[in-house]
Structures are given as structure tokens and as C-alpha cells.
Amino acid sequence: MTQTRETVETHYHPASAPDYIPTPMLKKLQLERLRAIVQRAYDNVGLFRRQLDERGLAPSDVTCLDDISRLPFTVKHDLRDNYPFGLFASPMQEVVRLHASSGTTGKPIVVAYTAADVKVWTNVMCRTFSAVGVGPSDIVQNAYGYGLFTGGLGAHYGAEGLGATVIPISGGNTDRQIMVMRDFRVTAICSTPSYFLHLTERAAELGIDMRELLVRVGVFGAEPWTDSMRRHLEACSGIKAYDLYGLSEIVGPGVACECYRQDGLHFFEDHFYPEIIDPQTGDTLPQGEEGELVLTTLSKQAMPMIRYRTRDITAFITAPCACGRTHRRMRRISRRSDDMFIIRGVNVFPSQVETALLQVEGTLPHYQIILTRQKGLDEMEVQVEVTAEIFSDKIGALEQFEARLMDSLERVLGIRVAVRLVEPHSIQRSEGKAKRIIDKRNA
Ligand SMILES: [Zn+2]
């Protein structure tokens, strides 16, 4: 069974060599790079120098990898407070690229790259594509947004660096995407998972069965998605769906990715050093325990990040991976502590809602969570699309179906919440990241 997938590894690209570096050598390299990056940040970034001085620490105090836990964290508001260029460690004449996050409130955060940084980024994205079996003979449709968002150019450079053929189609214009996918004989696609789902559904409406096209690999990221969603995507499109992880603050896409085994994401540890901490105390957690992912860039010149708190919740997978890569893996991120909301005293993550809904046959993975406050009490309603067959059922049957969903949600969340069934296509589709929560509590 694994025979066909193993042959995927014959696409091995020389850029992937560092993926297999023996652990003692990797650790030695990490320590060398960590010491250099701490020195670089201390010499060039005012905020970091002040934080180290306040603690009475010098860059030379980092003598082993564990010493990283003595260093201060960097958090998102540090980037906002130093908008736009306050955390740069390179003079502007060495900076060749700026990107910015799509900040939902106020100013975006700005990130910078030197030519060497772009090279590293290209390298880790080459290794990403290679890990999921994309090679020079592939035709890659890149439906990540191009522009200030890092997704488009990150995937573009990686696939092109690998020698694959890239179609820089960017997001949007769904019908044209489907035409290109078919006519250009596309074999691999990059997008958010929710947009790929939309593409598959739209193709079906146009009478095109995605399973009959040549697309065999999807590299999906930029939003949390569950294994239930993966199974759904794979079943309705016939592709293998892989998870890609990254964030602009660190490099963009390419911080970690799944290999062909689809069993956790390997970090590119020669460039990004991961830690898992207790989000409450900030203490480093024992290997395998779930907590917040913290990342340090080991080679970034223009904007080094020391111990950046990602707000993403995950855990290290301690067992070695059968693919032979030596770099550590993390469990898929299906939760961001930023996405968490509290309803009647219970912590709820959108991914829990997704899991509960997809456990019941007949639901489509399009849903929205509406939060309201009525007479001082928080109310939560889950609106979910159901298949046309279910929706055309008799009223009594619909009520029964609704009750089954409420039960499933109660089992997962521990509280009873309202469910409203809606027709297929009534929830707005996104061309980028899906909007799962509509919070009207303070409206
Ligand atoms: Zn692996």
C-alpha cells in the first residue's frame, strides 16, 4: 500500500539534504546559529538589547541550546509597537523585500528579508514541496494570494526553485482557476484548505469531477484545519492533502511541513528553533506535552525573531518519523489561542466545532459560529450547511438532524449550543482564510 507513496521519495531534491542531517550535528549547527543570531539581534535591535540588559544577560551567556529559555519572548505587539521598521537588524540597503500581515485591527506588521533571507525561504519551500513528492515535472497552480501576504511569493519561489512549472494565478476568479487546472494539466495546487474545498464544489457544479483531473497533491496552509477536513477534501477531490505551516513573523510559509507520511509536521530546524511552552507560566514543557509553540529564527538577517510566541497550540511528536528525516515533528495545529472564545465559562475552539459537525454524515464543512449576547447571557449558534438531500427532507427529519448535531457538539464542547441548518452555498466563501466566527457580543 505504501509502495506507491514511497516512490514519491524518488523526487528527492538535493535541497532536501539538510532534512536528514544526524541529530548531534543538527544540534551543533543550531547552537552556533543561535549564538550568532542572539549577538546580531543584540547589536542591531534596540528592543532586544534593552530586554537583555534588563535581565543582566549578555549574548555570550548562551552557551548551550537550553540557555534559550533564559532569553525574553517576543510577542505580536512588539512588532506593532515597533511599526514599521523598528525591529530590523539590517540597514535598508541590504533589505530586498518587505511583506506585511493582513492585520485585522489597526496597523499591519511589517517583515523584511535580505537576499540571503529570500534564499533560505526558497530553500525551505523547496524542501516542503520535495517532502510531499512535488518535483521538476510537476505543474503547480499557486492559488495563494500574491502581494504583501507571504503565501504567494513563498510558494512561488519554492516551487520554481525546485524546477517545477509554476502558474502564478493567485487567489480568486474560481471558474478561471478550474479551467486552468484542467487545461494546463495541473498536478499540484497550493491554497488555503477552505478555498480548495470551494474549488472542488464549484468544479462539480460545472460538471467537472476533480477526481478525474491530473491534480494529485495539495499543499494547504494559512489557516488551521482538522484531520476530518483533510479526509473530506481527499475524498471529494482524489488528491493527497498536505499541511504546510508558517507565519510571516518567522519567514512566511515553510517553517514546517508534513512529509508524505502525513503524520505530523517536520520543522526545518536548521533555520527555525521550536519550543513548546506553558502559555500561562511561560515555562518550557516536557517533550510531548501540549502547549504554545515558540519559534526562534536561527539564520534570519533582516529581522531575527527570538522566542516568538505564535499563539498556536501543539505538541512535539517524540518518535522518529519513518521517512528518515531527523528534524522534529509537531502535531498538526488545529487551534490558535487567538481563535479561542469563552462561552458560558467554557473555552471553545472553532476546530472542535468542525470536528463535531463532520462526525455527522450529511453536513458540509462550511460553517460559521455566531456569538451574541441576549439579556446579559452569551449565546452561540452554529450555522452549518447540509447536503441538498438533507435540506429537502421533511421538517420533522430536519429537526431530528439538528438534534443529532447538537448532541455531537455537546459531546465535544461540553455545553449545549444552538444549531441552524442552512442550504448548500448560503455561507459566504472565502478566497483566502475562512471566517469562522462572527462575534456580535459587543456590537
Ligand atoms: Zn517524515
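The values are calculated or read from the model by the stated rules, or taken from the named source; none is laboratory data. A quick note: this is a predicted structure, and the numbers were derived from the prediction, not measured. Neighbour counts run over all protein chains shown; Cβ positions are idealised from the backbone, glycine included. Remember, those area values only see protein heavy atoms, side chains included, never the ligands or the DNA or RNA. Shrake-Rupley method; radii C 1.70, N 1.55, O 1.52, S 1.80 Å.
Key figures
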{"item": "Candidates 426, 430, filtered to the one that is touching a residue at least 40 places away in the same chain (Cβ under 8 Å) and loosely packed, with under 14 Cβ neighbours inside 10 Å", "result": "426"}
{"item": "Criterion violated by residue 386 - all others in (1) over 21 Å from residue 285 (Cα atoms); (2) open to solvent by 70 Å² or more (accessible area, probe 1.4 Å) satisfied", "result": "(2)"}
{"item": "Of all residues in the range 131-152 being touching a Phe, Trp or Tyr at 6+ places or on another chain (Cβ under 7 Å) and away from the ligand (no atom under 16 Å from the Cβ), the one that is nearest to residue 197 (Cα to Cα)", "result": "143"}
{"item": "Exclusive hit being within 16 Å of the ligand (Cβ to nearest atom) and more than 15 Å from the chain's Cα centre (by Cα), set 307, 328", "result": "328"}
{"item": "Yes/no for residue 317 being under 24 Å from residue 68 (Cα atoms), within 16 Å of the ligand (Cβ to nearest atom) and in contact (Cβ under 8 Å) with a residue 40 or more places away in the chain", "result": "yes"}
{"item": "Enumeration of residues in the range 179-216 that are in contact with an Asp or Glu (Cβ under 8 Å, 6 or more places away or on another chain) and surrounded by 21 or more Cβ atoms within 10 Å (Cβ to Cβ)", "result": "187, 188, 192, 193, 194, 195, 203"}
{"item": "Residue in the range 239-249 that is among the hydroxyl-bearing types (Ser, Thr, Tyr), within 16 Å of the ligand (Cβ to nearest atom) and not assigned by TED's automatic domain parsing to the domain that holds residue 435 present", "result": "yes"}
{"item": "Any chance residue 267 is within 15 Å of the ligand (Cβ to nearest atom), over 28 Å from residue 214 (Cα atoms) and assigned by TED's automatic domain parsing to the domain that holds residue 315", "result": "yes"}
{"item": "Enumeration of residues in the range 302-344 that are open to solvent by 40 Å² or more (accessible area, probe 1.4 Å), part of a strand (DSSP E or B) and within 17 Å of residue 355 (Cβ to Cβ)", "result": "335, 336"}
